[in-house]
Structure formats: structure tokens, C-alpha cells
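Student: This is the structure I have questions about; it appears just below.
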Amino acid sequence: MGDLRQGYVEQIRRDGATVSEALAGAFATVPREAFVADGFQRRDGTWVVPGDPDFLPTVYTDEVLVTKVDGRIPVSSSSQPSLMAIMLESLDVRPGARVLEIGAGTGYNAALLASLGAVVTSVDVQEDVADRARAALARTGISGVRVVHGDGYAGAPGYRFDRVVVTVGVAGLSPHWLAQLEPDGLAVVPVEHAGTHPVLAARGPADGPVTARVICPSGFMSAAGPLTAAHPHTHPAPATAGTLPGFTPVARPRWKRPLDALAYRDLWYAAGVWHRRATHAAVPGSEHSCLALLDADRTGGAAILPDGSVLAGGPSADRFAADAADLLDRWIAAGRPAMQSWTIDMDLAGQDDAPIWAPARWTLDPR
């Protein structure tokens, strides 16, 4: 088991996460398998349970472990460990820090925080998920975590925190989280942008101003209720396989070597800043889901592939193909900025009786 966990930590680092010695120690000692005791879903849809030959080898990989589905839709999981590591490191948790976690999941993330010395309050809207997380923490003997079944939008009334970490995708930040943060507190939150959920580091009081910077790209399961309310800068929902017409090539590749995954996400983020119809789509004619610009009826549009080529289809193909070319030109002219190069100002939006702080204005740092 020691070799398995040590290889696990090394894999997390190879996959791009900077892991401090303290966090490496947490990953190496907190038993991830205890937090998926009821098993998890394989990529092929079958279920892995303790005792299966691939159970522990899969647990100790840098993979998302889906632990609850509603039909075919995942609704709870243990997040990808390298993403967890990036988010945990960005929190800069010190012993004694009070952390509000929105989305308990399996309880594993809270266990890692507790191993770093944090005192954690974890809130989950799904009662069975909260119960299982609480039971897993009890089985492993990890103290310092209080799991609450409740509405994540409300946070934890009556408590104060040094940090907030959110483990579900949201459209914006609840003012309640900011009200419960100390004045110098930090919220680390995956906020919807162009069909994905880049993780933001946000600061500010409940009544504003609230500003943020991007930490890293990510994709999370979406929250429910006011946390996913539409707002003036909402992008279209992702287009799944089979929902778009055939797309055909309309522009040749810009680069001989396609953008790597991170650079493509940088382009994607900029496209979401500059174009309100940018999103994530399974596009006919493309091997993988990709950055797309969808028309208002979701009957077509254009797609930008990692090599800079453009596909288009539907009744507005020409217009969206031109938009895609303009976005590529603009990103190249700006020096191919990384997503971390943007400063984000947020505005109150969403529902009148349950507002959220949502991204509203973006400023690109001078080169």
C-alpha cells in the first residue's frame, strides 16, 4: 500500500500539480479507498467495488471517481486528485484555519484539509451524500470535520471562516459565503465560463466590490438552485453528442503542432471573454469535444480545434466561422494570453431573492 500511495503522489505531481510536503503527506496517509467504500463507476459504466482486482489500483490514480449517478448523469464524485491538489495549495491553509467547504462529495477533500490542520465545515445539499461522507470520516478516525446537510447557497450561518472552497460548478458566488469570511479571507470557486468551470480565487465583502483571478481550468458537476442562475454574461450550455448538425472544415490549421491542453484552454477562456456564444460542444467532424460558438437556436455555429482550424455548420455557419477567425486573430495579437492573465470584476446578478456575484468584466494584464 505504501508503494501504491507513493506512486499516487508522484502521478499527481506529474500531472501538473505543485504539491507541498505537507499536502504530499496528506495524500500519502489519508486512505482514499475508505471514502469510496460503496464503489465507483468505471469509464465504461460498470461499477468497481472493494475486492475487485482493479479497485485499489484505480483508487490510487489521478482520476475522478464517480460515486453516485442519477440515470446516466454523475451527481457526486471524488474529484481528480491533481485538481484537488491545485485548489488545496491555492487555499494556503495553515493549522487552525477555519474552512467552509461547499459540496462534501465523498468527504475525501475535507479529510485532506483536516490532515493539513484545518477545521472544516462541509455542506452538501444531498442528504445521502452528507451521511456517507460523515460515515467515511468516522471510519478513518479523522477529526476536525463537521458535515452538514443543507443548502450550500446559505453557507454555514453563525460561523466565521478563513477560507471557502467550493467543489461543484457554480455560476457565481453566494454573498453568504463572503459574509461568513474574515476580511482577509479567500474563496476558491469553480465558476462557469464558456461551458467549463475555471477555478477562481475571489476576494471581497458580501456587498462588494468582488474581484477574482483564474487559478486553473477545470470541469465540475454543476450545482443546483440559485448558484446556477442565468446572468447577463451566461454562456450557452454545452452541446452534447448528436445535438448539432454536420460541421465541415472552413479554415485551415493555424499551427503545425496543435496547442497543448493548457494552451487550448487559454484560447478557450479568451473566447469566452470576447464572445457570449462560446461553449463546450461535441461537434460532428471533430474527434473530441471542443470550443464552439453556438447560434441562438443551437442549430449550428462554428468550432475552433486545437490546431487552429475552424469547422462550421447550420444556417449561420458563415457568420460564426468569421467570428471564430476573428477570435483566433485577436488571441494571437494579444500574445496568446494565459487564462491566469485576466482580472475579473464581479457584479451581483441571478435571482432577486438569491443573488450571486457573477463575472461581469475582464481586464487583461499588460504584457
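The values are calculated or read from the model by the stated rules, or taken from the named source; none is laboratory data. Here the structure is a predicted model, which means the values were calculated and not measured. Counting neighbours? That spans all protein chains shown, and the Cβs are built from the backbone with ideal geometry, glycine included.
Student: Residues that are of a type in the set (Lys, Arg), within 30 Å of ALA212 (Cβ to Cβ) and not in a loop (DSSP other than H, G, I, E, B): does the range 86-100 have at least one?
Tutor: Looking through the range 86-100, at least one residue is of a type in the set (Lys, Arg), within 30 Å of ALA212 (Cβ to Cβ) and not in a loop (DSSP other than H, G, I, E, B).
Student: So, in the range 146-176, exactly how many residues are assigned to a helix (DSSP H, G or I) and either more than 18 Å from the chain's Cα centre (by Cα) or among the β-branched types (Val, Ile, Thr) (or both)?
Tutor: Qualifying residue count, the range 146-176: 3.
Student: Still on this structure: Output yes when any residue across the range 293-304 is of a type in the set (D, E, K, R), under 22 Å from LEU364 (Cβ atoms) and crowded, with 17+ Cβ neighbours inside 10 Å, and no when none is.
Tutor: Within the range 293-304 (the criterion being of a type in the set (D, E, K, R), under 22 Å from LEU364 (Cβ atoms) and crowded, with 17+ Cβ neighbours inside 10 Å), the answer is no, since none of the residues qualifies.
Student: I'd like to check something: does the range 349-367 contain any residue that is at pLDDT below 95, surrounded by 14 or more Cβ atoms within 10 Å (Cβ to Cβ), part of a loop (DSSP other than H, G, I, E, B) and of a type in the set (D, E, K, R)?
Tutor: The answer is no, given that none of the residues of the range 349-367 is at pLDDT below 95, surrounded by 14 or more Cβ atoms within 10 Å (Cβ to Cβ), part of a loop (DSSP other than H, G, I, E, B) and of a type in the set (D, E, K, R).
Student: Suppose we keep only residues that are in a strand (DSSP E or B) and acidic (Asp, Glu) within the range 182-204. Which one would you say is surrounded by the most Cβ atoms within 10 Å (Cβ to Cβ)?
Tutor: That would be GLU182.
Student: Sticking with this structure for a sec: Go through the range 21-54 residue by residue and tally those that are at pLDDT 95 or above and aromatic (Phe, Trp, Tyr).
Tutor: Number satisfying all stated conditions: 2.
Student: More than 30 Å from ALA206 (Cα to Cα) and either crowded, with 19+ Cβ neighbours inside 10 Å or at pLDDT below 95 (or both): is that true of ALA333 in this structure?
Tutor: Against the criterion (more than 30 Å from ALA206 (Cα to Cα) and either crowded, with 19+ Cβ neighbours inside 10 Å or at pLDDT below 95 (or both)), ALA333 does not qualify.
Student: Mind listing just one residue for me: the one in the range 256-290 that is in contact with a Leu (Cβ under 7 Å, 6 or more places away or on another chain), outside any loop (DSSP other than H, G, I, E, B) and among the aliphatic types (A, V, I, L, M) and, of those, surrounded by the fewest Cβ atoms within 10 Å (Cβ to Cβ)?
Tutor: Ranking the candidates gives LEU267 first.
Student: Test ASP323 against the criterion of being of a type in the set (D, E, K, R) and either closer than 21 Å to ALA241 by Cβ or in a helix (DSSP H, G or I) (or both), and give yes or no.
Tutor: Here the answer is yes, as ASP323 does meet what is asked.
Student: Moving on. Residues PRO236, PRO253, PRO315: which one is within 28 Å of ALA358 (Cβ to Cβ) and either surrounded by fewer than 23 Cβ atoms within 10 Å (Cβ to Cβ) or not assigned by TED's automatic domain parsing to the domain that holds VAL125 (or both)?
Tutor: PRO236
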